[in-house]
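The structure appears right after this line, and notes come after that.
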Amino acid sequence: MTAPDGPWAKTVFRARGLPSRILASSEVADLLSAAFGDVASSSIRVFSVVTSLHYWERSPPKVATVMITGPSDPKLLRIQKNGDGSPKTEWELPVAGNLQPLILDTHFLGMTPLAEPGPSSHKADCIAVSGLASHPFGSWQPKNSDKTFMWLRDELPKTLPAVRPIIYGYDSRLEGSQSFQLIPDIASSLAKQLQSYGWTFPSAKPLLFLGHSLGGLIVQEAMVQLANSPNQLDTGLLGRVMGAGFFGVPNLGMDQLHFRTLVGGSPNESLVEDLARNSNYLRRLESSFSGIALIRKMKFFWAYETEMTPTTIRDTNGRLSRTGPPAILVTRQSATRRFVDTNPASTFPIQADHSGMVKFVRDSPDCHTVLHELLATFPQLHTQTLTYDLEMAPSSTEDTESRGPDFLQVALESLMTQNLRSRVDQIEDKFDHTFEWIFHHEQFTDWLQFGSGIFWIRGKPASGKSTLMKFICSDQRTHQLLHDWTQEGKEIHAAFYFHFRGTALQKSFEGLLRSVVHQVLSQQPSLYCIMELSALEAYQERPYLGKSQFWTVEELERALRKVLAQNIKPLSLILFFDALDEFDGHPNVIGRFLRSLVNDRPGSQTRVKVLFSSRPWETLIRQFGDCPSLSIHEYTEDDIRQFSYGILSQESAATSLVWKLIPDIVERSQGVFLWVKLVIQDLLRVLESGKGREASDLRQHLYSLPTALGEYYGHIVDRIPDFLRWEAFVILETLVRAKSQIGVRDLVGSVTMATCRTYAECLNKERKLGCSLDNWAAVDRMAREMCGRSTGCMVEINADHVQLMHQTVYEYVTSLEFKRRLLGPVGNAVSENGYAFLLKYRLFDAKLEVMERSIMELAYDAEASTGHGMKGFIDSIPQVHGGWTALEFAVKCSLHVYLSHSRSQLEKTTEPLLSYLCDAYSLDSLHLGDESRGMETIRVLLQHGYRMERDQLILSKIERGIRGGSSNPFALKLFKFIFQMVKEHPPATRQTLFGLDSAAFDAFAQSLLRSSPPNLVAWLLEKGLDGNWVDSHGRTHLDWGLSNESGDSKKRAHLCCVLVEHGVIAGMTTKQEWRAALAELKMSGVNIASLQRHFAEKFPPAAGWKVSEVLWSYLSP
C-alpha cells in the first residue's frame, strides 16, 4: 500500500469527543473536515470509530484514530508550540451545533479503545502498555514503514473478535523530561485509570495485558499494588485479571548504557537506575509478583528479542543519535524470568531488536505467533456479570402462616450484632448549639414535611456530616416534621452509618440490609408475617451453627422487598444513611439501591423517603444531582467558631494569644471541623514548647500549616522522630488492614513482634517488654503511650479498641506517599504489611493450638496481598499437643506461596494433607473461600512433591462424602479432580507422578459408582470410566442395579436409567429377572422408559408383535 504524502503523512491522530450518534468512518471524516475548514473529507482517513470508556455519560462519546493524507496542511495544526515553548500535541476543534469542541491529539495519553466487539460477543478487554521512551500508539506500529497499519487495532480483532483492544498511554519520555516519577507512581496511575473507567464494576469484563519493556513492569507493579490494597474494590479488580503477555520486559534488569545517555542527570535518573541488573527494586517486584500470580492463577507468556539494538550516544555537539555500539538490551533470561530455561513452553523468540519486537508489519509471522500464543494461553474468555437491582418482580404479599413471638425474637437476635450498634456511639455528638440551623433550613424542613424521594446532605471530608446526621436522627423535631396526622398508617425510621474503618458488616451492603430489616421488625413486629424468613427456619433445624450464619444477602433482599411491596397496610418508611462514600462496594451499586428504594411500586402501600450524606463524588453527583440537597460546609462558619471556643475553654494551657487567632482559624478551616481540632492542638503544643510566646509567632505557625487534610497528615508525619517511624508505620498499617476491631493487646503485640522472623524471637521480644501481654492494664497503658508518641493524633483509643481517627486518615495511610514519606528509602525494602504484623502476634498467641477463622483469614490475606509466604515464621512455631502442624495450617489456609516453597517437606511428609482440606470444607466455620480455592491448593500440593499415597484416609473420606448424596460437595469436587488428573496420564506414569496405584484407584471408582448420585454416575461414564466393568461375581453395574440386593428402588431406578443411556449392558441378568426388576422399579415412581426400551431391544418380541405392545404390557397396571 502506498503511504500518503504530505506534512502529516506519518502522523496518527486521536479524535475525542465525537458525538455518540456517529457510526461510520465517513461521518467522522465529514465532521473533522467541517471543523478544519480547509481539509476535504476525502483527505481524512478514519481507521477506527469506537465508543469511549466514559461509562458515566448517558450517551458516551466516540473516539477515532485518523490520518490526514495528501498535501493537506490544516491551518489549525500549524500551531506547533504551546505558550511555554513545548511541542503542541493537542488541539481543540470547535464544531457547529456541538456544546463541546472535538479534541485532536497525538499524545494518546490515558486509555484509548481501538476496536469494539458487539455487546453480546464482548468477552474480555486487552490493555497494551508501551515501554520507556516510547509512544503509546506508535510503539505498536511498523518501524519506518506504513503508518496506516497497527496490529492491535487491525489484526488482533480478527483473531480475537470477542476482545476489545485498548492502549494505555503515559509520559514515558526520557530526554528533556522533568518528571521524577518512579515505576510505582506510573503503576499507581494505571491502577487509578482501571478504577476510573469501570473495571471495578461487577459487570466489567475480564482483563488481560500486553506489556512491552518497562510497560510490563508497570503492569506487574500495578498488580502488586492492587493486591496490597485493603480496598475490596481493588482486590476485586485484580480478580478480573487473567494474565498477560510480556515482550522484552527487563524482569531481571537491562543494559543501562543506552538509557543513561538519554537521562544524564535528569530528575528521572532514579527510574532508570531501578531498571539496572540486580537492582533491589526488581528483586522485590519479582518476588511479590510471582507470589501474587501463583495465588491468583494468572497465566503468562514471555517473548524475548533476538537481535541487538543500536544504542544511543551523544556527539560532540550534544546531539543524540542511535549510532552507538549494538547491545542486547534485555537478555532472554531477564525477558522470561528464566522461564526460557525452566519452562520454555511459555516463552518464544521474536526476530527483532528491543524496540522492533512489537512493531509488526502486515502479515508478519511474528504477529501471527503472538496472536497464536494469546489464543493458546487464554483459550476461554469468561464474562463475569454480577449485577444488583432491588426492582425485581414483587413477591406476593398475602399473609403467611402466623408465627409466634419466639420466632420474632430469634429473627431480631440473628439479624443484629454489636458491631452494627457501635458505630453511632463512636460518632461525636454535636457541640453545644451547633447545627441548629438545620431545622431552619427551608428546603430541608419542607422535604421532611411534604417532600418525597431522596434528600442529599453533601460536604467535604471531616466537615461534620456524620455528626449532623446523628443529630437529625435523634432530634425529636425530625420526627415531628415527618409525622403527618392526616395520613393513616405506621411510620418506621431506620438509620445506618457506614464505617469504612470498621468491621465488614459496618461498611457492607449486607450490614445495611441487616440493620434496616432489624429496625423494621423492631418497630413493626407484625411485618414479620409477610417476610419469607427461610433463614430462620434453617436455624431452627440446625441451631448449633449459630443464628447469624443463615442470613445471606439474597435472604435479606427478599425480606426487604416484601416490606416494600406489601399491600396490607399503609406504611411510611424513612431511611437515614450516613457516609455513602464509606461503602466498600462500587458507588453505582449503592446508588442504584437508593434509587430503587424510592421507585413507585404498583399496588404497594409502602412509601419510602431517604436522607443520606456523603462527599460530593462525581459518580454520586451524576446519580443524585437532580435531588434536593445542601452542602454542609456552606452553613457551618458560626458552628466552627463556637466549636473553636469550646475546645479552648477546656484547655488550661490556652492563652489569650490563641483565643485571638480564632477568627483566622475559622477562615482557614474551609468548613472542616477536624482541621480546626488538629490545628488548635498544634498551636497549644507550640505554646507549651515555649516557641510561641509572641502573637506573631503563633500566627506565622498557623499560616504555615496546610489547609488540606491530606497535606496536614503529611505535616504530622514529617514531625515524627526517626526512631519512632517504624513504630508509627506498624500501628497505622495494622489499623488500615483490620477487618474487625483491633484491641490494645493486638496492637501492642503487633508492634512488638513486627520484625520477628521466628517464634523464638517473639518470645524474646515479649520478655523484653517487662510485662506479660496478658496484663491488660499494662498493655492498655503501653498502647496509649505508643499511639501518643508516634502517630500524632491520627489514632484514637476507645474503651479497649484502637482505630484511626477519621476516614481521611485511612485514605492518607493507604496512599503511596505515606510509606515513602514516613520510611523513606527503607520503605522500598519492606515487603510485609499490617496483615503480617498482626498475624505474627496472633500465631504467637495461639501457637497453632486452636485455630480461629480470623487467624486463618489473616494468614491468607498476608500472603495474597504481598505475594510472600511467611514460611520461616510458621515453620518455627512449636507444635502443641493436639494442635495443628505447620503443613496442616498452610493447607487449610490455602497458603500457596508457602506450599510452593516447601517441596522437601511435601516430598517427605506422611501427613494426610488432602484429608485435612476435605475436613476443613466439611465445616462451614473452618474453610476459607469457595471450593475452587481448595482445588487449587490440591494442585499446588501435587505440583510440589506431595504424593496421594501418603494420605491413607482420603479415599474413605471421599466415599463418605459421596455415598447417599452430596453431603460434602467438596468431596465430590475432589473426587472429580483426582479422577480427571488420573485420566490425563497413562497408567505407567500415575504411580510416579501422584503415588497412586492405577488399578486400585480404578477399582475404587468402580465401587463408588454404584452408590453415587445419578449426575456423578453420568459424569464418570462420560469421562471414560468403563461402565461394563465386572465385579468378582462377573456382574456389570447394570446387572448389580437390577438385582434385589442393591437396596432402595428409587435410587436403583435412577442408576439403571443412567447406565443404559450410556451404553452399559447387563450380561448376566436373565429375561425373567429383567421382568421382575422392571415391575419393581416401575413402582418407585421414577420414569423408567429408557430401561423399558432397552429391555424391548434386548429381548425382541415374537413375530407379529410391535414394540409398543411390549412396552404397554409393562406400563399398564
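The values are calculated or read from the model by the stated rules, or taken from the named source; none is laboratory data. All values derive from a computational prediction rather than experimental measurement. Cβ: placed from backbone, ideal geometry, glycine included. Neighbour counts: every protein chain shown. These area figures cover heavy atoms from the full protein model, side chains too; ligands, DNA and RNA do not enter into them. Shrake-Rupley method; radii C 1.70, N 1.55, O 1.52, S 1.80 Å.
Structure notes:
- Those residues of region 940-958 which are closer than 30 Å to R1052 by Cβ and either out of contact with any helix residue (DSSP H, G or I) (no Cβ under 6 Å at 6 or more places or on another chain) or basic (K, R) (or both), in sequence order: S956, K957
- Of all residues in region 398-408, none satisfies being out of contact with any helix residue (DSSP H, G or I) (no Cβ under 8 Å at 6 or more places or on another chain), open to solvent by 50 Å² or more (accessible area, probe 1.4 Å), at pLDDT 65 or above and in a helix (DSSP H, G or I).
- Lone unmet requirement of (1) more than 27 Å from the chain's Cα centre (by Cα); (2) surrounded by 23 or more Cβ atoms within 10 Å (Cβ to Cβ); (3) part of a loop (DSSP other than H, G, I, E, B) for T486: (2)
- Residues being in contact with a Gly (Cβ under 9 Å, 6 or more places away or on another chain) and over 14 Å from L1009 (Cα atoms) - total across region 1022-1034: 1
- Counting only helices (runs of 4 or more DSSP H) that fall entirely inside region 294-380 and contain at least 2 residues that are open to solvent by 50 Å² or more (accessible area, probe 1.4 Å), under 21 Å from G253 (Cβ atoms) and free of Cβ contacts under 8 Å to residues at least 60 places away in the same chain, the qualifying elements are 339-342.
- Qualifying positions in region 423-440 - open to solvent by less than 20 Å² (accessible area, probe 1.4 Å) and at negative phi: I427, T434, I438
- Number of positions in region 570-595 that are charged (D, E, K, R), open to solvent by 10 Å² or more (accessible area, probe 1.4 Å) and either in contact with a strand residue (DSSP E or B) (Cβ under 7 Å, 6 or more places away or on another chain) or free of Cβ contacts under 8 Å to residues at least 24 places away in the same chain (or both): 1
- Among the residues making up region 775-810, those that are modelled with pLDDT under 90 and either charged (D, E, K, R) or on the phi > 0 side of the Ramachandran plot (or both) are G792, C793, A799, D800.
- In region 793-901, counting only helices (runs of 4 or more DSSP H) that sit wholly within it, the ones holding 1 or more residues that are open to solvent by 40 Å² or more (accessible area, probe 1.4 Å) span 807-813, 816-823, 834-846, 853-866, 871-876.
- Taking the criterion of being of a type in the set (A, V, I, L, M) and modelled with pLDDT under 90, the residues of region 277-321 that qualify are I313, L320.
- Selection from region 928-971 of residues that are modelled with pLDDT of 80 or more, farther than 26 Å from S902 by Cα and open to solvent by 30 Å² or more (accessible area, probe 1.4 Å): S956, E959, R960
- Matching residues in region 74-112 - criterion: being under 24 Å from K192 (Cα atoms) and free of Cβ contacts under 8 Å to residues at least 60 places away in the same chain: T89, E90
- Qualifying position, being within 21 Å of Y713 (Cα to Cα) and part of a helix (DSSP H, G or I), among I621, I647: I647
- Failed criterion for T148 (all others in (1) open to solvent by 20 Å² or more (accessible area, probe 1.4 Å); (2) in contact (Cβ under 8 Å) with a residue 12 or more places away in the chain; (3) in a loop (DSSP other than H, G, I, E, B) hold): (1)
- Test: residue in region 711-719 that is more than 25 Å from F500 (Cα to Cα) and either in a helix (DSSP H, G or I) or of a type in the set (D, E) (or both): yes
- Members of region 55-109 that are assigned to a loop (DSSP other than H, G, I, E, B), open to solvent by 80 Å² or more (accessible area, probe 1.4 Å), under 23 Å from A34 (Cβ atoms) and of a type in the set (K, R): K75
- Within region 113-145, the only residue that satisfies the criterion of being touching a residue at least 60 places away in the same chain (Cβ under 8 Å), over 19 Å from S48 (Cα atoms), under 26 Å from the mean Cα position of the chain (by Cα) and open to solvent by 10 Å² or more (accessible area, probe 1.4 Å) is K123.
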